[in-house]
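Taking it in order: structure first as structure tokens, then the write-up.
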Amino acid sequence: MKPSHYFFQTDQLAQLLGELQDRGYICIGPQVRDGAIVYDELHSIKQLPRGVNDAQAPGRYSLKTGVSLKFFDWANGAQAIKPLLFSAREKLWQSRQSADGKLSFETPEPRSKPIAIIAARACDIAAMKIQDQHFLQQTFVDPYYQVRRKNLLIIAVNCARPADTCFCHSSGDGPFVDDGADIVLTELESGFLIEAQSTQGEELLAGLSLQDCTEQQLEEQASIKAGASKQKKQLPKYDIRLRLRHELNNDFWHEIAAKCLSCGNWTSVCPTCFCHSENDVPELDGKSSGHYREWDSCFTQGHSYIHGITIRSETSQRYRQWLTHKFSSWHEQYGRSGCVGCGRCISWCPVGIDVTEMLANFEGRRGV
Amino acid sequence: MSKPSVAIHKFSSCDGCQLALLNLGEPLLQLAELVDILHFAEAGPLDENAKVDIAIVEGSVSTLHDIERLKNIRANSGLLMSIGACATSGGLQALRNMADTQQWIADIYASPDVIDSLDKSTPIKDHVNVDLELWGCPVNQRQILMAIRALLFGVMPVDEHDKVCMECKRQQTVCTMVTKNEPCMGPVTRTGCGALCPSVGRDCYGCYGPAENANTQAMANRLQGLGLVDAEVARRFLFINSGADAFHRQGVLSREKK
């Protein structure tokens, strides 16, 4: 039987990057920008956040150095894979009016270059699978998402150091990538374990000079997994899906509304949120107009505006919509919760509202 | 068919919002083909009393004479659109609304008796019916063109009232508040600027005025948590748009907190 894991030296990371570039991939990888880890185009492994660790808390994200010399010793960054697949803003069609008054509509050809994302996390991939369901596995397939998804190669890195805001172990989505990636790396004290999870990944591995891994290395990997599974936050144990359905008139929604800025940061950093709005940008001459789709949020007024009425004008209603959809009605739509435990909504909420604490508020209540 | 006519009027302001029109470049020529600009003192055409389809009004009401002029403009105009912080909230000069204006005038001017000023600087909507408002200090070209284009189509422009945060996140701008403890006003401030300040790494200072459903109390609490004392929190709200209801209320509350 072929071993599933191989070993490669730290200095071979450049080889992996070179291999991807040679195959025509634009490499997107983690790097430090404006005080956070962000995914951006990677030309050299020198751009990787070597020796950088993140510290996350409700409403706080900061980076520090000096703890280790590892490349991937951080939990996650400002965004997951979402912006690469579900564009924050893109044109869906262009309409034109000719001199004789006739209207015509042009749809831009869905296009994408092959992209390899490096250091995707287990939670990011779990979230992508949910977005795959939404954009690809419904009656209507989104052609823009589809072409980008098809052209995406995923080089995942197993998490070794979760942040204080992470709870992927409790949501069942991490810290290790069980499937869904093309290649998965585990960063050891020296070197990496590498594993292919797809045919494309296997082909890529064949092009690298790899060594067989040792028992000791596999043990080190297992201990990293055990360590990374110990996370400070977790989802409460009660049946969240069922309970939330019965809490629609709870005063809690008003209590939380007093703290919530209804700013939309949560949904924007949430790797599974997919809501959008559409708007038109006409040329000044009035003869042509672009129709755009952009990220929206259930925390905006427009999200629930229908025919002259704003259904959810208050923050209490918007928050309730978000929490009950993400953790309850999501199950009916996609067969699971919409939360993958990445903790971004906790860290990137400007006022530090902690979703696990909000859910814990319902624990022990009578009812259902 | 005659072209729709437009007049651009100025009240108390720095003229910066008119620059959004003047600096348009090529689109200004295009605009001149679509509409007749009958009054635009800063650009040339002068006809203060012209009857127009669209009046664009910049600046706040600051003198008794302003009120008379404004009523005349309203009577002569089909639609009236106020643009910029001065016209929509009273502007920076509305800071005097919370002070003793006569004392300020006496302190500042060599001959206070020649200064004709109301005690308060007020937005256009306080005096006449306003059909639509463009917020911002200053408003930008994109806003102006989108608004005029919509009016030419015969529809109202989309009211851009979401929080700045939404645009920040679309641009993948890293949050300055979360990473750098900047006292960013983005979560309570109206979008439209393109998240300009956060995109260059600094905090939003609320120059587009309050967003819809702005939770200013939670914002004030957060600013305190970042280390700002009450007077500093108050100044975050009582700045460019101190006359805007949501900012005014919160600013005064923070300022008077003992």
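The values are calculated or read from the model by the stated rules, or taken from the named source; none is laboratory data. Predicted model only: the values in this text are computed from it and were never measured. So basically every Cβ, Gly included, is an ideal-geometry build from the backbone, and we count neighbours across all protein chains shown. The protein model used for the area step is the full one, side chains on, heavy atoms only, and it has no ligands, DNA or RNA in it. Shrake-Rupley method; radii C 1.70, N 1.55, O 1.52, S 1.80 Å.
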Original post:
Reachable lysines from residue A:259, Cα under 17 Å, same-chain residues fewer than 8 places away excluded?
Top reply: B:163
Original post:
How much of the accessible area of chain A, probe 1.4 Å, is carbon plus sulfur, in whole percent?
Top reply: 49
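If each residue of separation counts as 0.36 nm, what is the full-extension length gain between residue A:91 and residue A:215 once their alpha-carbon separation is subtracted? Kindly include the intermediate steps, with their values, before the conclusion.
On the way: separation 124, 0.36 × 124 = 44.64 nm, distance 5.20 nm.
In short, 39.4 nm is gained.
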Subject >> Solvent accessible area, Å² - residue B:119, 1.4 Å probe, full protein context >> reply: 90
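Which FRET efficiency value, to the nearest 0.05, is calculated for residue B:245 and residue A:69 with the Förster distance at 56 angstrom and r the Cβ-Cβ distance?
Details: r = 55 Å, r/R0 = 0.97.
Working from the Cβ atoms, E equals 0.55.
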**OP:** Give me the aspartates and glutamates in straight-line cross-link reach of residue A:287: C-alpha distance below 18 Å, same-chain residues under 8 apart excluded.
**Re:** A:100, A:106, B:26, B:33
Subject >> Buried on assembly, region B:159-174 (at least 10 Å² less accessible surface than by itself, 1.4 Å probe) >> reply: B:161, B:162, B:163, B:165, B:166, B:169, B:170, B:172, B:174
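Would you mind giving the total buried accessible surface between chains B and A, with a 1.4 Å probe and ligands, DNA and RNA left out, rounded to the nearest 100 Å²? Walk me through the numbers before you get to the answer.
On the way: alone 12880 and 17730 Å², together 27560 Å².
Interface area, both chains combined: 3000 Å², rounded to the nearest 100.
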**OP:** Kindly report the accessible area of chain A per residue (heavy atoms of protein chains, probe 1.4 Å, no ligands, DNA or RNA), in Å².
**Re:** 44
**OP:** Give the relative contact order (percent, whole number) for chain B; include only Cα pairs under 8 Å separated by 6+ residues.
**Re:** 17
**OP:** Once you have a ≥ b ≥ c as the square roots of the Cα gyration tensor eigenvalues for chain A, tell me rounded if a/c is under 1.5, and otherwise prolate or oblate according to whether a/b is larger than b/c.
**Re:** oblate
Original post:
Binned at 10 Å from 0, what are the whole-percent values of the Cα-Cα distance distribution for region A:240-360, short to long?
Top reply: 12, 40, 32, 10, 5, 1
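At 1.4 Å probe size, with the rest of the protein present, what percent of the exposed accessible area of chain B is carbon and sulfur atoms?
On the way: 6200 of 11300 Å².
Roughly 55 percent of what the probe reaches on chain B is carbon or sulfur.
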**OP:** With everything on Cα atoms, drop me the angle between helix B:245-255 and the longest principal axis of chain B, reported from 0 to 90° to the nearest 10.
**Re:** 30
**OP:** Can you spot the lysines whose alpha carbon is less than 27 Å from residue B:71's alpha carbon? Ignore those fewer than 8 places along the same chain.
**Re:** B:3, B:10, B:51, B:120, B:125
Original post:
Once the whole set of protein chains is in place, how much accessible area is left on residue A:235, using a 1.4 Å probe, in Å² to the nearest 10?
Top reply: 20
**OP:** Be a star and scan region B:122-160 for residues whose amide nitrogen sits under 11 Å from the point 7 Å along the Cα-to-Cβ vector of residue B:104.
**Re:** B:122
Subject >> residue A:249 paired with residue B:158, simple spin-label distance in nm, labels 7 Å along Cα-to-beta-carbon >> reply: 3.7
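Could you do me a favour and compute the accessible area per residue for chain B, 1.4 Å probe, result in Å²? Write down the numbers at each step before the final one.
On the way: 11300 Å² over 258 residues.
Accessible area per residue, chain B: 44 Å².
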Original post:
Against the longest alpha carbon principal axis of chain B, how many degrees, from 0 to 90 and to the nearest 10, is the axis of helix B:216-225 turned?
Top reply: 40
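Based on the Cβ-Cβ distance from residue A:222 to residue A:278, what FRET efficiency comes out when R0 is 60 Å, to the nearest 0.05?
0.80
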Original post:
Cα axis of helix B:64-76 to longest principal axis of chain B: angle in degrees, 0 to 90, nearest 10?
Top reply: 60
**OP:** Calculate, axis by axis, the spread of Cα positions in chain B along the three principal axes, and write the results as whole Å, longest axis first.
**Re:** 59, 51, 28
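Note down the magnitude of the dipole of the protein assembly as shown about its Cα centre, charges +1 on Lys and Arg C-beta and -1 on Asp and Glu C-beta and zero elsewhere, to the nearest 20 debye.
Charge dipole of the protein assembly as shown: 1260 debye, to the nearest 20.
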